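Data first, discussion second: the structure below is written as structure tokens.
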Amino acid sequence: MCLAVFTVFPLEFVAMMPIDKNIFGKDVTDAMMSQGTLIVMHQNGLVKLYSFEMILKEGKTHDIRLYTEHTDHKGKTGTFPTGLPCNVHLKDCPPVLFQVRCADQSFQLGGIPWHYIFSPYGKFGFSQVHSMETGHLAQNGILDTDSLSLEVDKVFFHADDSGRILHVGADNVSVMKISKPFEEDRTSVSECFSINFKKNTSTADQAYCENYTSSGRRIRRQQSNSYTDYESVQGVDYENELDLLAVTSVENSGTTYHGCVHFLNNQTGEELKRVQLEGTWKEFCDHSVAVDLDTIIHIVKDPAHRYSCFVYKLLRYTDNDNACTKRTLRSTRSKRRTLSLTN
């Protein structure tokens, strides 16, 4: 296992280092970088943090620039087939800055001041927010929702570097902030805003399930066929250049389901625009939606591991025929690309 580290704007290669089990332990399963720390996961749920700056200071052998001639003259660094050479080699394990046992090795580091989010080892379905300085649980720091969803809630630090926390449930999205009340020993988690995407199931959303007794008598039983009863929110993306939250939800229209992208004000949660995606969504397919400025990318994976990609362009148009100028966003006809891949 190797970890390649880059900086962006401009793109520069920092280091390629092997996660050597002889150094970090035989039970290492994964590793990642976050906030200038190397995070190493172990089989027993243990997560350890190391200073990446110290690792570079002690183990980096030489600097390498992208697209320069490789030392063995086989090509340019960062291009095929030369690739990236390892330039960090450790002889001993660096000092551990912090360690904690987590369920599913779920660990997030961030916040202002520094906090971490994790699910306690042996417990699932909720997350806790703790202070890095003291290790204490923050007030209101247990994040959970009452939901019938089979999927656990997702809790992570906001990508806008504000230190806020996003709590994504089956049918709601909450944005919270960390603060330290005056003359209080512990920090506190409070809600900035919350949006619920669940719609009440109306009579039109009800279907009838037909069952038969052993004698052949038909029984009609009313049941809800609404997808939104369980999981309305499918994903949350952040568009940093527009400072918008893009929440993808599933809406029921009779017997079919459609995906919608809600563009929300990142500071207040106000819905600025709602765009319905083309086509119907099937429950047995995996959907992921990403937003980049005026482009929406929708990727669908079916049970046969076939991928379809739909690309939407959001346009602003002006209707000159009306006395009042109207400006809105509409989605162009999607372009579909289907790939046959296997995992």
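The values are calculated or read from the model by the stated rules, or taken from the named source; none is laboratory data. Just so it is clear, the model here is predicted, and its values are computed rather than measured. Cβ coordinates were reconstructed from backbone atoms using ideal geometry, including for glycine residues, and neighbour counts include every protein chain displayed. Side chains included, ligands, DNA and RNA excluded: accessible areas come from the protein's heavy atoms. Shrake-Rupley method; radii C 1.70, N 1.55, O 1.52, S 1.80 Å.
Observations on the model:
- A cut-off of 5 Å between modelled amide H atoms, ignoring neighbours fewer than 5 places along the same chain, links His115 with Gly110, Met132.
- A simple rule links phi to the HN-Hα coupling: the Karplus curve 6.51 cos²θ - 1.76 cosθ + 1.60 with θ = phi - 60°, which for segment 96-102 gives 7, 7, 6, 8, 7, 9, 10 Hz, with x for Gly and Pro.
- Computed FRET value (nearest 0.05) for Thr145 with Thr29, which takes r as the C-beta separation and R₀ as 25 Å: 0.30
- A straight Cα-to-Cα reach below 29 Å connects Lys282 with the lysines Lys154, Lys198, Lys199, Lys273, Lys301, Lys313, Lys335, residues fewer than 8 places away in its own chain not being considered.
- Taken one residue at a time, the phi angles of segment 115-129 give Karplus couplings (6.51, -1.76, 1.60, θ = phi - 60°) of 9, 9, 10, 7, 9, x, 4, x, 10, 10, x, 8, 10, 10, 10 Hz. Gly and Pro are set to x.
- From phi via Karplus (6.51, -1.76, 1.60), per-residue ³J(HN,Hα) for segment 20-36 in Hz, x at Gly/Pro: 6, 5, 6, 9, 9, x, 5, 9, 5, 10, 6, 8, 7, 10, 7, 6, x
- Once the Cα-Cα distance is subtracted from the 0.36 nm per residue extended length, the Cys93 to Leu315 segment shows a gain of 74.5 nm.
- Database remark: amide H of Ser106 closer than 5 angstrom to the amide H of Ser119 (H placed geometrically; neighbours at sequence offset of 5 or more, or on other chains; Pro and chain starts carry no H).
- Sequence-distant lysines (8 or more away, or on other chains) whose Cα lies within less than 30 Å of Lys60: Lys21, Lys26, Lys48, Lys74, Lys76, Lys91
- Near His70, the amide H atoms lying under 5 Å from its own belong to Gly75, Lys76, Thr77; only residues 5 or more places off or on other chains count, and H is placed 1.01 Å from N.
- The mean sequence separation of alpha-carbon pairs under 8 Å and at least six residues apart, normalised by the residue count of segment 1-43, gives a relative contact order of 28 percent.
- Accessible surface, per residue, of segment 43-118 when the full set of protein chains is kept, probe 1.4 Å, Å²: 62 Å²
- In this simple spin-label approximation, Glu69 and Val100 carry label points 7 Å from Cα along the Cα→Cβ vector, and these lie 5.0 nm apart.
- Of all accessible heavy-atom area on segment 96-184, the percent that carbon and sulfur account for (1.4 Å): 51 percent
- Each peptide in 100-107, 166-173 was scored by the mean count of other Cβ atoms within 10 Å over its residues; highest first, the order is 166-173, 100-107.
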